[in-house]
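Presented below is the structure to which this report refers.
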Amino acid sequence: MLTISLSDLIAVIIVGLAVVIMVLVWLTNRKLTSEPIENVAAYDDIEALMHRSSEEGNALLVGMGEGFSGQNSNLGDSVGLLVEQIVMSRSVFNDQPTRSFSGDGALACISQLVVHGAYENAMATELFRSDHSGLSGISAFAWMGGMMPELARKDNAGLILTGAMRPEHILIADLAERKELPLVAATGALGAQAAFFASGSLVTLGEDYYLPSIGKVNQRAYQNQAKTMNWLRVIVAVALIVSALLKLSGVLP
């Protein structure tokens, strides 16, 4: 007879609650009567950098992090690709092209497909060049070493770091500050979030990284995800408090 352990049962319950909450949030958001949740500050700043790049005629740099090399354990790379797609689609016709730099071969290939797709959707494939998305290194430090010299260019409007990062990548923030280059760090790695937070640059905190909404792009999906996370956070907090009380009272072993 198949037996289910307590941890598996809890996991099934959490997944089931998440699915139910997602459906309820989707149904309630169809009415569009509730007040929309504000965007994450870091993603609003990315939009400001895109406007600055367009107005000043300068280039925007996107650092994609370590990628799918297996050297990291988080799942933030897919979100980083979404951020890159939004940024690229909004900067196709800028005076200076937006360029991205990847720290992994697989990520570099997928990134180039994303960039080419942005130009194709804008019906401007003649403006696409392969060097708009490149591989600057095959490890965390090689990627950082290959990208940092690009910060010395005078025609840069800002730098966006997104994807899998490490605390050591704070060296990029230090150089950007020396060059007076605006920097936004959008990463899901907690260690990197702490390091960039200490640097003073604008950074996504906690699960905010997984709510990418830049301007009106991805707005409805962002609202659904944010409300689902809020409800799950409340349910988990209540469950932990109730469990602690039951444990103290001797009901739970």
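Descriptive notes on the structure:
- Pairs, first under 19 Å from Lys179 (Cβ atoms) and touching a residue at least 12 places away in the same chain (Cβ under 8 Å) in region 189-204, second among the aromatic types (Phe, Trp, Tyr) and crowded, with 23+ Cβ neighbours inside 10 Å, C-beta under 7 Å, six or more apart: Val203/Phe196
- Subset tally (residues that are touching a helix residue (DSSP H, G or I) at 6+ places or on another chain (Cβ under 9 Å) and acidic (Asp, Glu)) for region 92-147: 3
- Among the criteria (1) closer than 30 Å to Ala106 by Cα; (2) crowded, with 19+ Cβ neighbours inside 10 Å; (3) in contact (Cβ under 8 Å) with a residue 60 or more places away in the chain, the one Lys227 does not fulfil is (1).
- So Ser89, is it out of contact with any Pro (no Cβ under 9 Å at 6 or more places or on another chain), at pLDDT 90 or above and not acidic (Asp, Glu): no
- Asp155 being in contact with a strand residue (DSSP E or B) (Cβ under 6 Å, 6 or more places away or on another chain) and surrounded by fewer than 18 Cβ atoms within 10 Å (Cβ to Cβ): yes
- Residue satisfying all of: in region 178-213; under 19 Å from Asn224 (Cα atoms) and either of a type in the set (Ser, Thr, Tyr) or part of a strand (DSSP E or B) (or both); modelled with the highest pLDDT among these: Thr204
- Against the list (1) closer than 19 Å to Asn58 by Cα; (2) loosely packed, with under 15 Cβ neighbours inside 10 Å; (3) among the hydroxyl-bearing types (Ser, Thr, Tyr), the condition Thr98 fails is (2).
- Test result for Ser130, among the small types (Gly, Ala, Ser), free of Cβ contacts under 8 Å to residues at least 40 places away in the same chain and either outside the structural domain of Ala59 (by TED's automatic domain parsing) or closer than 15 Å to Ile46 by Cβ (or both): no
- Test for Asp77: is it under 21 Å from Ala173 (Cα atoms), acidic (Asp, Glu) and modelled with pLDDT under 80: yes
The values are calculated or read from the model by the stated rules, or taken from the named source; none is laboratory data. Everything numeric here is computed off the predicted structure, so don't read it as measured data. Reconstructed Cβ throughout: ideal geometry from the backbone, glycine too, with neighbour counts over all protein chains shown.
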